[in-house]
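Have a look at the structure below before the remarks.
The values are calculated or read from the model by the stated rules, or taken from the named source; none is laboratory data. Predicted model only: the values in this text are computed from it and were never measured. Because the Cβ atoms are built from the backbone with ideal geometry, glycine has one as well, and the counts that use them run over all protein chains shown. Areas reflect the complete protein model, heavy atoms only, side chains present, ligands, DNA and RNA absent. Shrake-Rupley method; radii C 1.70, N 1.55, O 1.52, S 1.80 Å.
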Amino acid sequence: MISVTLYTRAGCQLCDQAKADLEALQEVVPHKLAVIDIDSDPGLRDMFALDIPVIEAGPYRLKAPF
């Protein structure tokens, strides 16, 4: 099973939509979804502040818009 990480933050509508899309995709492409709030870690906040939502799956990193 593939692991997918969604970097997000509170109040981000694009992040909420990305999470809903990934959850809907579960039926077609099973995956383990980890949702990480970038505001919980200063390093992540610095790295992704202007790019969220960001999805990582395997070696791939996708920035919005998807």
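Structure notes:
- In the chain, taking the dipole from charged Cβ atoms about the Cα centre, the farthest positive-side position among V29, P42, A10 is held by V29.
- As a fraction of the 1.4 Å probe accessible area of the chain, surface on carbon and sulfur atoms comes out at 56 percent.
- The sum of -39500 (n - 2.57) across all DSSP H runs of n ≥ 4, divided by the residue count of the chain, sets its helix-only mean residue ellipticity at 222 nm to -9000 deg cm²/dmol.
- Antiparallel bridge percentage (DSSP; both residues within region 2-66; nearest 5): 55
- The angle between the Cα long axis of helix 13-25 and the main principal axis of the chain comes to about 20°, on a 0 to 90 degree scale.
- Based on protein heavy atoms only, the chain ends up with 68 Å² per residue of surface accessible to a 1.4 Å probe.
- Sparsely packed GluC sites (Glu not before Pro) within the chain, loop by DSSP, other Cβ within 10 Å at most 11: E27
- The chain, dipole about Cα centre (Lys/Arg Cβ +1, Asp/Glu Cβ -1), debye to the nearest 20: 120
- Taking Lys and Arg as +1 and Asp and Glu as -1, the other residues whose beta-carbon sits under 13 Å from that of A49 total -2.
- Cα convex hull of the chain, projected area averaged across orientations, nm²: 4.3
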